[in-house]
Amino acid sequence: QPQAIIFDLDGVLTDTSEYHYQAWKHLADDEGIPFTHEENDAHLRGVGRRDSLMYLIRGRQYSEEQIQEMMNRKNQYYNELIKKMSPGEVVPGGQALLEEIRKAGIKTAIASASKNADIVLDRLKITSLFDGIADGYSVVNGKPAADIFVYAAGLVHVPTHNCLGVEDADAGIEAIKNAGMRALAIGPSERFKRPDKVIPTLANVRLQTLLEV
Ligand code: B16
Ligand code: MG
């Protein structure tokens, strides 16, 4: 069985993916750039802030100053949305699952690309359920690079081959596999290239399901 289970945050433990989408959509509307929910799912899920903006503005000419301003503006829109979050927005059964994992003597960690992960964990009141938190400030190379999952494994002192990673983005599943971990994907199976197992949602999932990956 794994010695540590490393969770992505946005789209796995809570549905902030929807808030990220709304914030990008707001920015896209400001700029007159067409942008759909489907594009968000296919290209922005799990992808960092700058790379997400690069997708959004592809082919259009903006200066570095304008790029910085747009990243800040999106983040302001996103922060407006997440400041109203509450513990009720943890995936159903999420707290119970994390408690069950810890009771079984398995470490828990977060590997999120987001620079807002601390705020979201705090709003959800689940910070204390993690032995380690790796976020958008922890590493330079974003998913699909292995770095953030390797960093999270280091935080909980578990070799990467004894870790299980849980992700809703294909870039994240690639990061987990690149780190040499088992990978549990959350979402529709068409989304993922090389998961070890796929389930549609983490809602009401028990530890036993994670041990079967
Ligand atoms: P921020 P995760 C990712 O978080 C989100 O899925 C992605 O949509 C977002 O662009 C990225 O964090 C950066 O977030 O702008 O808040 O720094 O899924 O890795 O937990
Ligand atoms: Mg995610």
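Every residue in the stretch 122-171 that is within 15 Å of ligand 2 (Cβ to nearest atom) and touching a Leu at 6+ places or on another chain (Cβ under 6 Å), please.
V166
Could you tell me whether the stretch 20-34 includes any residue that is free of Cβ contacts under 8 Å to residues at least 24 places away in the same chain, over 30 Å from H161 (Cβ atoms) and within 16 Å of ligand 2 (Cβ to nearest atom)?
yes
So which residues in the stretch 12-41 are among the β-branched types (V, I, T) and surrounded by fewer than 17 Cβ atoms within 10 Å (Cβ to Cβ)?
Matches in the stretch 12-41: I33, T36.
Give me a count of the residues in the stretch 118-164 that are buried (at least 21 other Cβ atoms within 10 Å of the Cβ) and among the basic types (K, R).
Total meeting the criteria: 1.
Yes or no, residue by residue, for (1) of a type in the set (D, E, K, R); (2) under 24 Å from G172 (Cβ atoms):
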{"residue": "H20", "(1), (2)": "no, yes"}
{"residue": "A23", "(1), (2)": "no, yes"}
{"residue": "D29", "(1), (2)": "yes, no"}
{"residue": "E38", "(1), (2)": "yes, yes"}
{"residue": "L53", "(1), (2)": "no, yes"}
{"residue": "R58", "(1), (2)": "yes, yes"}
{"residue": "E65", "(1), (2)": "yes, no"}
{"residue": "R73", "(1), (2)": "yes, no"}
{"residue": "M85", "(1), (2)": "no, yes"}
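Looking at the stretch 158-210, what strands (runs of 3 or more DSSP E) fall wholly within it and have at least 3 residues that are within 16 Å of ligand 1 (Cβ to nearest atom)?
Answer list for the stretch 158-210: 163-167, 182-186.
Taking the stretch 97-113 as the region of interest, how many residues are more than 15 Å from ligand 1 (Cβ to nearest atom) and among the hydrophobic types (A, V, I, L, M, F, W, C)?
5
Restricting to the stretch 165-201, what's the tally of residues that are out of contact with any helix residue (DSSP H, G or I) (no Cβ under 6 Å at 6 or more places or on another chain), over 20 Å from N40 (Cβ atoms) and buried (at least 23 other Cβ atoms within 10 Å of the Cβ)?
2
Take L53 and tell me if it is within 15 Å of ligand 2 (Cβ to nearest atom) and aliphatic (A, V, I, L, M).
No: the conditions fail for L53.
Taking interchain pairs and intrachain pairs at least six residues apart, which have beta carbon atoms under 8 angstrom, with the first residue in the stretch 3-18 and within 16 Å of L98 (Cβ to Cβ) and near ligand 1 (Cβ under 6 Å from one of its atoms) and the second hydrophobic (A, V, I, L, M, F, W, C) and in a strand (DSSP E or B)?
So the pair list comes out as D8/I110; D8/A111; D8/V166; L9/I110.
Say we look at the stretch 42-93 and pick out the residues that are near ligand 1 (Cβ under 10 Å from one of its atoms) and of a type in the set (D, E, K, R); which of these is surrounded by the fewest Cβ atoms within 10 Å (Cβ to Cβ)?
By that ranking, first place goes to R50.
Can you report the number of residues in the stretch 30-42 which are within 21 Å of D15 (Cβ to Cβ) and assigned to a helix (DSSP H, G or I)?
Residues flagged as within 21 Å of D15 (Cβ to Cβ) and assigned to a helix (DSSP H, G or I) within the stretch 30-42 amount to 6.
Read-outs: derived from the displayed coordinates by stated rules, not from any lab. Since this is a predicted model, take the numbers as computed values, not measurements. Counting neighbours? That spans all protein chains shown, and the Cβs are built from the backbone with ideal geometry, glycine included.
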